[in-house]
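A short write-up of the structure that comes next.
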Amino acid sequence: MAQKTESSHFEKRVFKPGAAFSKAARIKSMADYHKLHAESIKSPEKFWAREAAELTWQQKWTKVMEWKVPFAKWFLGGKLNISENCVDRHALNPARKNKAAIIFEGEPGDTRTLTYQQLHREVCKAANMLKANGVKAKDRVIIYMPMVPEAVIAMLACARLGAVHSVIFGGFSANAIFDRINDSGATHVITADGGWRRAKIVALKDNVDSALKMGTTTVKRVIVLKRTGQEISMLEGRDTWWHDEIAKVTADCPAKGLDSEHPLFILYTSGSTGKPKGILHTTGGYAVQTYVTSKYIFDLRDDDIYWCTADVGWVTGHSYITYGPLLNGATVLMYEGAPDTPHMGRFWEIVEKYQATILYTAPTAIRAFIKWGDEHVRKYNLSSLRLLGSVGEPINPEAWMWYHRMIGNERCPIVDTWWQTETGAILISPLPGATPAKPGTATLPFFGVDAAIVDESGKEVPKGAQGRLVIRKPWPSMLRTLWGDKQRYADVYWKEYKKLGYYLTGDGAKRDKDGYFWIIGRLDDVLNVSGHRLGTAEVESALVSHPAVAEAAVVGRPDEIKGQGVVAFVTVKTGQQASQELAKALKAHVTKEIGAIARPDDIRFTTALPKTRSGKIMRRLLKEICTGGEVKGDTTTLEDFSVVAALAQSGKEED
Ligand code: WT7
């Protein structure tokens, strides 16, 4: 989380949308927002049903919502196919079929454009390819791919058949793949030989090979897209090339009408304890809410070139690269590689080249651009941009102001969108033509979203006071369960306010006098590194799996670029030597076990960790130590204070 959001005073600067922007927008004023929001809270089902009617249903629902805490169902009795809604609906519309659906640029500079008609053909063929390779409805399909159009095509092809995709971020390691395959019971993997990142090949197929060697799995077939072209190994009978398989099938694949609650995808995300959680999203409600939020929050127009810089491996890439924009028939710009390859102006070069009108990115990227210097931005003409977005963590006001000035030329509204993997879609955000923005706040809840900040008893806290952010009523795109673990689902999100039926977000927040929501950050032991969630427990167990390590505790500390950096406190086994070499080896070990995103920035060796008498590691104290502050909090439950004193002292010596 960014440092500045901790400050107690609220940001005073207010930026109203320009008159011309408001005039053309769907929601033009705060009066309109308040009216619609009030109505949508009074009768959410009416609001969602009206919006849902804009999509294509093979069979209309009979009931909008059913809520048996903590299990919700939306659009009961309805049948639809999200792939049909993303693709066929536009490909069969004469006015849209020749419109670009995806404009792609690879890191090496190669480009491709797929019209809706062409995307339709590719999705149908890919679905037939999956079918021919044995994929059936409800089978789980792992997608571990670079940011190329085939990643989106693979997702839509699964959805077309009713197969459940689980996309794994290309930066994750073989271990992470192995765990996710096992947890989901996946039968198929779609991957590529490699992807381009910083002019190097990310060896995706090699990682899949290593994962499948780690033990027996349910995987029967691996389909491999040729992207980077280097030599890879193909296992006879298991592995097959995408281009060979696609050549065997036709482009005739009618979209199957699926039950509204048919599972759409599983996406793994970190929690504070235990293994990653398989967040399950289903079809109807997810389709409706990603469609509606994209429409109002990005205020999509037919001539927009919309660019979301996220990776398909994260939820943002699901909801706001693939489903939301395509449901709206938008033109989606997709870039494969790193923002600094081959130069630090690559993003701005892309904006200028394709005349992007909407840019949706993360505070961590913005802070990197600030660091790299304005000269990389100034070289390019960014006048095509009309709207900017931010997601992933609280945006610090300095970064907001730079984004506003340097990228938006003080002309483009910024939508700071708060949501989570679990929420499926944006829940708190400005509406660009209506909401006056203030740097650092996601402002107000979207239509149909009943957000509140409450205390431990569930009572709303007064304005200005910090509390827990909860959602008081179910929403269409909410997660339905954790894959294979209903109990954990109920415990993590609903146990705290069981009687009230409130969803616990895990974030701390407060509201200002205008009712704006200021997100402070996570209340649990979850880190937010570069806008992505990392569980302390995951990094700790990776460290402990190293033969030299006895015990590890991981905490976050403010980081200028990443938001939070990872600090690991480590005790070594008897007979092992704490050393610089070991620290280096441990960093490499975590990279191998989880991926570079989890690599500790700092390893601090210690002879003991501060624990409570019941043996629980007091991470709060460690956090205080590594932010350089004094240990001020309550230490009465601490077993041995000398441990803390020693740690604090060693930190000072290092500085
Ligand atoms: C957590 C969810 C949502 C897609 C990307 C991250 C933090 C997210 C904001 C924002 C303040 C934000 C929260 C949230 N977060 N967006 N605009 N302002 N905080 O998805 O990995 O599921 O993480 O990211 O702490 O709980 P995720």
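The values are calculated or read from the model by the stated rules, or taken from the named source; none is laboratory data. Model, not experiment: these values are computed from the prediction. Here Cβ is always computed from backbone atoms with ideal geometry, including for glycine, and neighbour counts include all displayed protein chains. Ligands, DNA and RNA are excluded from the accessible area calculation, which covers all protein heavy atoms including side chains. Shrake-Rupley method; radii C 1.70, N 1.55, O 1.52, S 1.80 Å.
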Specify which of the listed residues (483, 418, 475) is farther than 29 Å from residue 361 by Cβ, crowded, with 22+ Cβ neighbours inside 10 Å and in contact (Cβ under 8 Å) with a residue 40 or more places away in the chain. 483
Which of the following residues is surrounded by 19 or more Cβ atoms within 10 Å (Cβ to Cβ), in a loop (DSSP other than H, G, I, E, B) and either away from the ligand (no atom under 16 Å from the Cβ) or not assigned by TED's automatic domain parsing to the domain that holds residue 128 (or both): 264, 300? 300
Taking the range 421-433 and keeping only residues that are open to solvent by 10 Å² or more (accessible area, probe 1.4 Å) and aliphatic (A, V, I, L, M), one is left with none
For residue 448, which of the numbered conditions (1) within 14 Å of the ligand (Cβ to nearest atom); (2) crowded, with 22+ Cβ neighbours inside 10 Å fails to hold? (1)
Return a yes/no flag: does the range 567-590 have any residue that is out of contact with any Ser or Thr (no Cβ under 8 Å at 6 or more places or on another chain), surrounded by fewer than 20 Cβ atoms within 10 Å (Cβ to Cβ) and acidic (Asp, Glu). yes
From 286, 306, 323, residue being crowded, with 24+ Cβ neighbours inside 10 Å, assigned to a strand (DSSP E or B), in contact with a Ser or Thr (Cβ under 7 Å, 6 or more places away or on another chain) and not charged (D, E, K, R): 306
Condition (residue is crowded, with 23+ Cβ neighbours inside 10 Å, more than 16 Å from the ligand (Cβ to nearest atom) and touching a residue at least 40 places away in the same chain (Cβ under 8 Å)) applied to the range 504-517: is it met by at least one residue? no
How many residues are closer than 21 Å to residue 610 by Cβ and open to solvent by 30 Å² or more (accessible area, probe 1.4 Å) if we restrict to the range 539-566? 6
Got a number for residues in the range 246-281 being at positive phi and touching a Gly at 6+ places or on another chain (Cβ under 6 Å)? 0
Residue among 422, 456 that is in a loop (DSSP other than H, G, I, E, B), away from the ligand (no atom under 12 Å from the Cβ) and at negative phi: 456
Test set (1) hydroxyl-bearing (Ser, Thr, Tyr); (2) more than 17 Å from residue 269 (Cα to Cα); (3) away from the ligand (no atom under 13 Å from the Cβ) - residue 481 fails condition number: (2)
Between 75, 47, which is assigned to a strand (DSSP E or B), open to solvent by less than 30 Å² (accessible area, probe 1.4 Å), more than 16 Å from the ligand (Cβ to nearest atom) and not basic (Lys, Arg)? 75
Only one of (1) away from the ligand (no atom under 12 Å from the Cβ); (2) open to solvent by 30 Å² or more (accessible area, probe 1.4 Å); (3) in contact with a Gly (Cβ under 8 Å, 6 or more places away or on another chain) does not apply to residue 468, and that is (1)
Residue ID - nearest to residue 109 (Cα to Cα), chosen from residues in the range 215-234 that are over 27 Å from the mean Cα position of the chain (by Cα) and among the charged types (D, E, K, R): 231
Members of the range 195-209 found to be over 13 Å from residue 596 (Cβ atoms), in a helix (DSSP H, G or I) and either open to solvent by 60 Å² or more (accessible area, probe 1.4 Å) or touching a residue at least 60 places away in the same chain (Cβ under 8 Å) (or both), listed by number: 204, 206, 208
Here are the criteria: (1) in a helix (DSSP H, G or I); (2) charged (D, E, K, R); (3) in the same structural domain as residue 599 (by TED's automatic domain parsing); (4) away from the ligand (no atom under 15 Å from the Cβ). Tell me which single one residue 488 does not satisfy. (3)
Single match in 137, 95 (criterion: of a type outside the set (Ser, Thr, Tyr), assigned to a loop (DSSP other than H, G, I, E, B) and without any contact (Cβ under 8 Å) to a residue 60 or more places away in the chain): 95
Candidates 137, 159 - the one that is open to solvent by 30 Å² or more (accessible area, probe 1.4 Å) and in contact with a helix residue (DSSP H, G or I) (Cβ under 7 Å, 6 or more places away or on another chain): 137
Output the residues belonging to the range 178-194 that are in a helix (DSSP H, G or I) and open to solvent by less than 10 Å² (accessible area, probe 1.4 Å). 181, 184
Tell me which strands (runs of 3 or more DSSP E) are completely within the range 331-400 and hold 2 or more residues being within 16 Å of the ligand (Cβ to nearest atom) and either open to solvent by less than 10 Å² (accessible area, probe 1.4 Å) or free of Cβ contacts under 8 Å to residues at least 40 places away in the same chain (or both), or say none if there are none. 358-361, 387-391
Within the range 251-261, of all residues that are at pLDDT 95 or above and either assigned to a loop (DSSP other than H, G, I, E, B) or within 16 Å of the ligand (Cβ to nearest atom) (or both), the one surrounded by the fewest Cβ atoms within 10 Å (Cβ to Cβ) is 252
Return the residues of the range 508-540 that are assigned to a strand (DSSP E or B), within 18 Å of residue 555 (Cβ to Cβ) and either among the hydrophobic types (A, V, I, L, M, F, W, C) or modelled with pLDDT of 90 or more (or both); say none if nothing qualifies. 508, 520, 526, 527, 528, 529, 534
